[in-house]
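Q: First the structure, which I've put down as structure tokens, then a few questions once you've had a look.
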Amino acid sequence: MTELVDRFGRIHTDLRISVTDRCNFRCQYCMPSEGMIWLDRSDVLTFEEIERLARLLVERAGVESIRLTGGEPTVRAGLPVLIEKLAALDVDLSMTTNGATLVRHAPDLRAAGLRRLNISLDTLDPDRFVQLTRRNELERVLAGIDVAVATGFDPVKVNAVLMRGINEDEVVPFLEMGRSKGVIVRFIEFMPLDAQGEWSSERVVTYDEILTTVAQHFDFEPISRGSSPAERFRYTDGGGEFGVIASVTEPFCDSCDRIRLTAEGQIRNCLFSLDHVDLRVLLRGGASDDDIIAAVAGEVDRKWAGHAIGQVHFLRPSKSMSQLGG
Ligand code: SAM
Ligand code: SF4
């Protein structure tokens, strides 16, 4: 076994796989409204290539969890075929989706072996939804959450990015929605990976602010976080749990165990990394399993200590979140 351990001793067991760079939404904090240049189909890893990499990393490099992401993973044709291949590995498999097609796809995804779902939703207000995603799909996403729960996905988590001046007044409505639908709501701090470059620290609704607002409406207590990036809390009245992912104000870089595979086969050791290793070249050039594992291990080894948002030497990566997978 080759452990994916970096020079700071962090062991990497969580693999994020972008299955496509394409998306049926154009969320303003993630993707420009126009002008995205999509990858050629031939440049995107095939299911066979993804399976080979995933199998190697699970069976020979200690990867324990895989999350499928995108772009929007559900726009990749035949996704349940890939899920079936990955579900056969000894791994905790999950997916992050915008939820817009779950009414149609949830049963096939579940039947293929997917058990856990994260659904991204940033507002419960129809006009804001159109403004944020540039699509009029709120009702479909809400229906998708219900279908995901009814289909037996467990847990279903709803992730909301909070941005000052846009949706910071929705903390309580989101928690009420989560309690009534039986899903775990997690608030995510806005990160400087928006395609328009409009991020500023003033627009981040912070962990402290979020908890202050929650405390005015609900009694809650912390739950052990484990390896989750989210600080987790349970309502003391038994109404379930919620979380906050404070990537900006309380970075969890010290315990980060993630690596990312982009749709075109780049391994990136951090959302904010400025370089990568190209596995597609290796895969299509006849590289051995040992060569591939060594390339991934080398990329992990080079990982830096932390993302340095807010410090003078912080540089944004040239890719937007939709190309990195979140
Ligand atoms: N399309 C899928 C979705 O929306 O869930 C998967 C890909 S999306 C890039 C993954 C996650 O990244 C989503 O939860 C989205 O809200 C989050 N995200 C995108 N841009 C972000 C930003 N600038 N800051 C924080 N989270 C962001
Ligand atoms: Fe698409 Fe997800 Fe980015 Fe929205 S956040 S544009 S749904 S990839």
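Q: Report whether or not residue 82 is within 16 Å of ligand 1 (Cβ to nearest atom) and at negative phi.
A: Against the criterion (within 16 Å of ligand 1 (Cβ to nearest atom) and at negative phi), residue 82 qualifies.
Q: State whether the residues of segment 67-78 include one that is open to solvent by less than 30 Å² (accessible area, probe 1.4 Å), within 24 Å of residue 255 (Cα to Cα), outside any helix (DSSP H, G or I) and touching a residue at least 60 places away in the same chain (Cβ under 8 Å).
A: Yes, segment 67-78 has at least one match.
Q: For segment 54-66, enumerate the residues that are surrounded by 24 or more Cβ atoms within 10 Å (Cβ to Cβ) and part of a helix (DSSP H, G or I).
A: 57, the sole residue that qualifies.
Q: Can you find a residue that is of a type in the set (S, T, N, Q) and either closer than 16 Å to residue 319 by Cβ or touching a Pro at 6+ places or on another chain (Cβ under 7 Å) (or both) anywhere in segment 223-246?
A: Checking segment 223-246: not a single residue is of a type in the set (S, T, N, Q) and either closer than 16 Å to residue 319 by Cβ or touching a Pro at 6+ places or on another chain (Cβ under 7 Å) (or both).
Q: Mind telling me which of the residues 152, 165 ends up being open to solvent by 10 Å² or more (accessible area, probe 1.4 Å), of a type outside the set (A, V, I, L, M, F, W, C) and within 30 Å of residue 113 (Cα to Cα)?
A: Among 152, 165, only 152 is open to solvent by 10 Å² or more (accessible area, probe 1.4 Å), of a type outside the set (A, V, I, L, M, F, W, C) and within 30 Å of residue 113 (Cα to Cα).
Q: Oh, and also: If you check 170, 137, which single one turns out to be within 16 Å of ligand 2 (Cβ to nearest atom) and of a type in the set (D, E, K, R)?
A: 137
Q: Under 16 Å from the mean Cα position of the chain (by Cα) and over 24 Å from residue 190 (Cβ atoms), is that true of residue 259?
A: So residue 259 does not fit the description; no.
Q: Within segment 291-325, how many residues turn out to be touching a strand residue (DSSP E or B) at 6+ places or on another chain (Cβ under 6 Å) and modelled with pLDDT under 80?
A: 1
Q: Condition (residue is at negative phi, open to solvent by 40 Å² or more (accessible area, probe 1.4 Å), in contact with a Phe, Trp or Tyr (Cβ under 8 Å, 6 or more places away or on another chain) and in a strand (DSSP E or B)) applied to segment 175-185: is it met by at least one residue?
A: No.
Q: Out of 96, 46, 13, 20, which single residue is surrounded by 17 or more Cβ atoms within 10 Å (Cβ to Cβ), under 13 Å from residue 263 (Cα atoms) and not hydrophobic (A, V, I, L, M, F, W, C)?
A: Exactly one of 96, 46, 13, 20 is surrounded by 17 or more Cβ atoms within 10 Å (Cβ to Cβ), under 13 Å from residue 263 (Cα atoms) and not hydrophobic (A, V, I, L, M, F, W, C), namely 20.
Q: For segment 111-134, does any single residue satisfy the condition of being out of contact with any strand residue (DSSP E or B) (no Cβ under 8 Å at 6 or more places or on another chain) and within 11 Å of ligand 1 (Cβ to nearest atom)?
A: Yes, segment 111-134 has at least one match.
Q: Name the single residue, out of those in segment 99-123 being among the hydrophobic types (A, V, I, L, M, F, W, C) and part of a helix (DSSP H, G or I), that is farthest from residue 142 (Cα to Cα).
A: So the residue we want is 111.
The values are calculated or read from the model by the stated rules, or taken from the named source; none is laboratory data. Keep in mind the model is a prediction, meaning the values are calculated, not measured. When we count neighbours, we look across all protein chains shown, and the Cβ atoms used for this are built from the backbone with ideal geometry, even at glycine. Just the protein is used for accessible areas: all its heavy atoms, side chains included, with ligands, DNA and RNA removed. Shrake-Rupley method; radii C 1.70, N 1.55, O 1.52, S 1.80 Å.
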